[in-house]
Every structure is written in structure tokens, then in C-alpha cells.
Amino acid sequence: QVQLVESGGGSVQTGGSLRLSCAASGFTYNKYYCMAWFRQAPGKEREGVATVDTDGNINYQRSVEGRFTISQDNDKSTLYLQMNSLKPEDTAMYYCAAKRFACVAIPRTESFDWWGQGTQVTVSS
């Protein structure tokens, strides 16, 4: 059974940094996956932040490109999101997600098969 468990959220001031982690387990060997970070602020739609596929192809939401970095351990058991130069508008619940097969340029929540419980990121002015 696939499980995704996020950690690393917290409260920081504008300009600060956080590193989110997502421990992944239960994936079938020799299958193609897309791993992603989503975020959702109160009253807003959940949006894709960054994705990485089995081959290491990475895509970022325009608003975080240059500030956030998505990465994986060598064995792909842990997904990371390094967040630098944080802004108040980055405040949201951040979710780790995974889907079978390929990533898409604009990730949609409905397309993802597995989700973590979320970790809160709060950036104060």
C-alpha cells in the first residue's frame, strides 16, 4: 500500500527557508511515477507547485521557479521541496502527491492517486 508522509512545515518570516520532506513507501518496482508537491491556501484551489518523474524531469509553477527546488533521494524513497526566499503568499498547506505514469505540464489534483496528510507552511510579513 502506497503511503506518503510529509514533514518539515513550520512558521518563518518573509525571506526565510524551509525544507519539506515526503517519505514514500509501497510503490511497485519497475513502474513509472510522477511525484509532486501541491499547496492549498484557505478559500483557494489546490495548485501544483512542482513535479518530478521517474526519469528526473522537473517542472515548477512559475511563481516558485528560482526559489523552490524539488528533489529526491537516490533510491527515490524521499521527496523534498527546498523553499527559499519565502513570501507570505507561499502560506498554505503543502501536500505530497503521486500518480502512476507520467507527469503533465500542469498537474491536476484529480489525476493523482496518492496523497500525504499535508504539512502547514506559514510565512509572516
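Remarks
- Residues in the stretch 80-110 that are crowded, with 18+ Cβ neighbours inside 10 Å and either among the charged types (D, E, K, R) or farther than 20 Å from Ser63 by Cα (or both): Asp90, Ala98, Lys99.
- Cβ-Cβ under 7 Å pairs, at least 6 apart or on other chains, the stretch 83-105 side in contact (Cβ under 8 Å) with a residue 12 or more places away in the chain and more than 10 Å from Tyr33 (Cα to Cα), far side of a type in the set (Val, Ile, Thr) and outside any strand (DSSP E or B): Leu86/Thr14; Lys87/Thr14; Pro88/Thr14
- Single residue of Val123, Val52, Val64 found to be touching a Lys or Arg at 6+ places or on another chain (Cβ under 7 Å) and touching a residue at least 24 places away in the same chain (Cβ under 8 Å): Val123
- Flag for Ala24 being within 19 Å of Asn74 (Cβ to Cβ), among the small types (Gly, Ala, Ser) and either in contact (Cβ under 8 Å) with a residue 60 or more places away in the chain or open to solvent by 60 Å² or more (accessible area, probe 1.4 Å) (or both): yes
- Against the conditions (1) touching a Cys at 6+ places or on another chain (Cβ under 9 Å); (2) without any contact (Cβ under 8 Å) to a residue 60 or more places away in the chain, Met35 satisfies every one except (2).
- Verdict on Gly66 being open to solvent by 60 Å² or more (accessible area, probe 1.4 Å), modelled with pLDDT of 95 or more and of a type in the set (Gly, Ala, Ser): yes
- Whenever a residue of the stretch 5-21 is within 18 Å of Lys87 (Cβ to Cβ) and open to solvent by 40 Å² or more (accessible area, probe 1.4 Å), its partners that are of a type in the set (Phe, Trp, Tyr) and part of a strand (DSSP E or B), lying with C-beta atoms within less than 7 angstrom and at least six residues away or across chains, give the pairs Arg19/Tyr80.
- Those residues of the stretch 37-63 which are within 20 Å of Gly16 (Cα to Cα) and either surrounded by 15 or more Cβ atoms within 10 Å (Cβ to Cβ) or among the acidic types (Asp, Glu) (or both), in sequence order: Trp37, Phe38, Arg39, Gln40, Val49, Ala50, Tyr60, Gln61
- Among all positions in the stretch 31-47, there is at least one residue which is more than 19 Å from Thr109 (Cα to Cα) and in a loop (DSSP other than H, G, I, E, B).
The values are calculated or read from the model by the stated rules, or taken from the named source; none is laboratory data. Here the structure is a predicted model, which means the values were calculated and not measured. Here the Cβ is made from the backbone with ideal geometry for all residues, glycine too, and neighbour counts use every protein chain on show. The area values use the complete protein model at the heavy-atom level, side chains included, leaving out ligands, DNA and RNA. Shrake-Rupley method; radii C 1.70, N 1.55, O 1.52, S 1.80 Å.
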